[in-house]
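Notes for the one structure printed next.
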Amino acid sequence: MEPIRDRNGRVCAWLLSGVIYSLRGEAEAFLVSDCVVNYRGHHRGTLRDGYLRNSHGEPIAWVGGATGGPITPIPGLPPAPPEPRESPTLPVISVAPIAPIPSLVWSQEDWASFIEGR
């Protein structure tokens, strides 16, 4: 599992085989090409060049090797990854919206709001 870190460098989720898992190992979202889609079928943003970006192009989180965005903080040691639970059935999803121009400024949106669509 690869850690997903927020703008402060803290692990906020995990990525494994195109599925995004919570810190407890629950499947929260999945990737369709470079689109992040939650299990309610809502497009939440993109994963490009190591940055997870919201629908405004603002980076929310990042994975190792991220390039072309804001400076990433020095990460600490990640916690032990959880045992991933079975992913729910994939929902019907709509056509992906056009991705906006990537921003170089971190979003103020938190991970839970991003992934859940609150």
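Restricting attention to the stretch 23-47, which residues are touching a residue at least 60 places away in the same chain (Cβ under 8 Å), open to solvent by less than 30 Å² (accessible area, probe 1.4 Å) and more than 19 Å from P70 (Cβ to Cβ)? Correct list: G25, A27, A29, F30, C35, N38.
The combined condition, being among the aromatic types (F, W, Y) and closer than 19 Å to L77 by Cβ, is not fulfilled by Y51.
Looking only at residues in the stretch 71-90 that are modelled with pLDDT of 90 or more and more than 16 Å from A13 (Cβ to Cβ), the one that is least open to solvent (accessible area, probe 1.4 Å) is P73.
In this structure, does L15 turn out to be aliphatic (A, V, I, L, M), open to solvent by 20 Å² or more (accessible area, probe 1.4 Å) and under 12 Å from the mean Cα position of the chain (by Cα)?
The answer is yes for L15.
Of all residues in the stretch 91-105, count the ones that are under 12 Å from G57 (Cβ atoms) and either open to solvent by less than 50 Å² (accessible area, probe 1.4 Å) or in contact with a strand residue (DSSP E or B) (Cβ under 9 Å, 6 or more places away or on another chain) (or both).
Let us first name the residues in the stretch 91-105 that are under 12 Å from G57 (Cβ atoms), namely 97-105.
From what's left, either open to solvent by less than 50 Å² (accessible area, probe 1.4 Å) or in contact with a strand residue (DSSP E or B) (Cβ under 9 Å, 6 or more places away or on another chain) (or both): 97, 99-100, 102-105.
Of the residues in the stretch 91-105, 7 are under 12 Å from G57 (Cβ atoms) and either open to solvent by less than 50 Å² (accessible area, probe 1.4 Å) or in contact with a strand residue (DSSP E or B) (Cβ under 9 Å, 6 or more places away or on another chain) (or both).
For the stretch 57-67, a residue qualifies if it is more than 19 Å from V19 (Cα to Cα) and either surrounded by 14 or more Cβ atoms within 10 Å (Cβ to Cβ) or at pLDDT below 95 (or both), and the qualifying residues are G57, E58.
Does P97 satisfy being in a loop (DSSP other than H, G, I, E, B), touching a His at 6+ places or on another chain (Cβ under 7 Å), more than 19 Å from E2 (Cα to Cα) and not basic (K, R)?
On the way: in a loop (DSSP other than H, G, I, E, B): yes; touching a His at 6+ places or on another chain (Cβ under 7 Å): yes; more than 19 Å from E2 (Cα to Cα): yes; not basic (K, R): yes.
Yes; evaluated as a whole, the condition is true for this residue.
Scanning the stretch 39-56 for residues that are out of contact with any Ser or Thr (no Cβ under 8 Å at 6 or more places or on another chain) and at pLDDT 95 or above gives T46, L47, R48, Y51.
Considering the stretch 106-118, and only residues there that are at pLDDT 90 or above and part of a loop (DSSP other than H, G, I, E, B), the residue that is surrounded by the fewest Cβ atoms within 10 Å (Cβ to Cβ) turns out to be Q108. I'd like to check something: does the stretch 34-47 contain any residue that is part of a loop (DSSP other than H, G, I, E, B) and farther than 19 Å from G117 by Cβ? The answer is no; no qualifying residue exists.
The values are calculated or read from the model by the stated rules, or taken from the named source; none is laboratory data. Just so it is clear, the model here is predicted, and its values are computed rather than measured. Neighbour counts are summed over all protein chains in view; Cβ atoms, including those assigned to glycine, are modelled from backbone coordinates with ideal geometry. Only protein heavy atoms, including side chains, enter the accessible area calculation; ligands, DNA and RNA are left aside. Shrake-Rupley method; radii C 1.70, N 1.55, O 1.52, S 1.80 Å.
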